[in-house]
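Comments concern the structure below.
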């Protein structure tokens with residue numbers, strides 16, 4: 001049985017109040033949704049909090065999921081991103097208001113694509129909240145700068161600036177790592 005079919009069966013049971021179905025649904029999606037939370041959280045503890053909030057929202061809104069229209073995974077992922085963003089908005093002030101954002105060089109993107117998932121997560125988690133949030137939303141979750149600005153209550157230029165700065169920080173870390181590796185291994 002594929003994941004989507006299993007999810008539909010579990011959702012139907014959960015909507016009828018079956019606690020085992022809720023638990024199984026949690027187990028099916030907890031790892032992939034935790035990865036989303038790790039990208040937005042500063043550390044594993046914060047990511048765990050985000051995941052808990054996300055599942056509370058998922059189960060609370062489960063009756064709104066249309067079994068005939070789509071895949072449960074992307075729906076749950078969107079709720080998870082929104083749970084992360086809600087906490088970030090609550091705990092972070094976006095005070096940067098830059099009117100003109102610079103363009104990111106294409107070498108930034110190619111260097112970042114060479115990182116392993118674990119390395120990328122480590123680097124992303126170390127970014128300041130603003131940089132990390134915008135980077136995740138734009139690069140990984142596919143939001144536009146307009147959508148990011150609306151979700152975080154910032155200007156579009158601030159979103160672009162935060163993305164540019166996040167990429168530059170990540171680029172420096174990648175370049176530093178590559179230079180160290182080259183020096184050590186010649």
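Just so it is clear, none of the values below were taken in a lab; they were calculated from the coordinates. Bear in mind the structure is a predicted one, so any value in this text is a computation, not a measurement. Ideal geometry is used to build each Cβ from the backbone, glycine not excepted, and the neighbour counts take in all protein chains shown.
Could you order peptides 163-171, 83-91, 18-26 by the average number of other Cβ atoms within 10 Å of their residues, highest first? It would help to have the intermediate numbers written out before the result.
Working: 163-171: 20.1, 83-91: 17.3, 18-26: 15.3.
Highest-to-lowest ranking by the protection proxy: 163-171, 83-91, 18-26.
Rounded to the nearest 0.05, the FRET efficiency derived from the C-beta distance between residue 119 and residue 31 at R0 = 22 Å is 0.70. Residues of the stretch 69-91 with an amide N closer than 14 Å to a point placed 7 Å from the Cα of residue 15 along the Cα-to-Cβ direction: 69-72. Quick check: the distance between the Cα centres of the stretch 30-96 and the stretch 126-146, to the nearest angstrom? Distance between centres, Cα-based: 14 Å.
When only C-alpha pairs under 8 Å and at least 6 residues apart count, what is the relative contact order of the stretch 3-91, in percent?
Relative contact order for the stretch 3-91 comes out at 31 percent.
From the alpha carbon gyration tensor of the stretch 3-91, can you work out the equivalent ellipsoid semi-axes (sqrt of 5 times each eigenvalue) and give them in Å, largest to smallest?
Here the semi-axes work out to 23, 12, 11 Å.
Subtracting the Cα-Cα distance of residue 52 and residue 23 from 0.36 nm times their residue separation leaves 9.2 nm of extension gain.
The convex hull around the C-alpha trace of the stretch 1-54, projected and averaged over every direction, spans 3.9 square nanometres.
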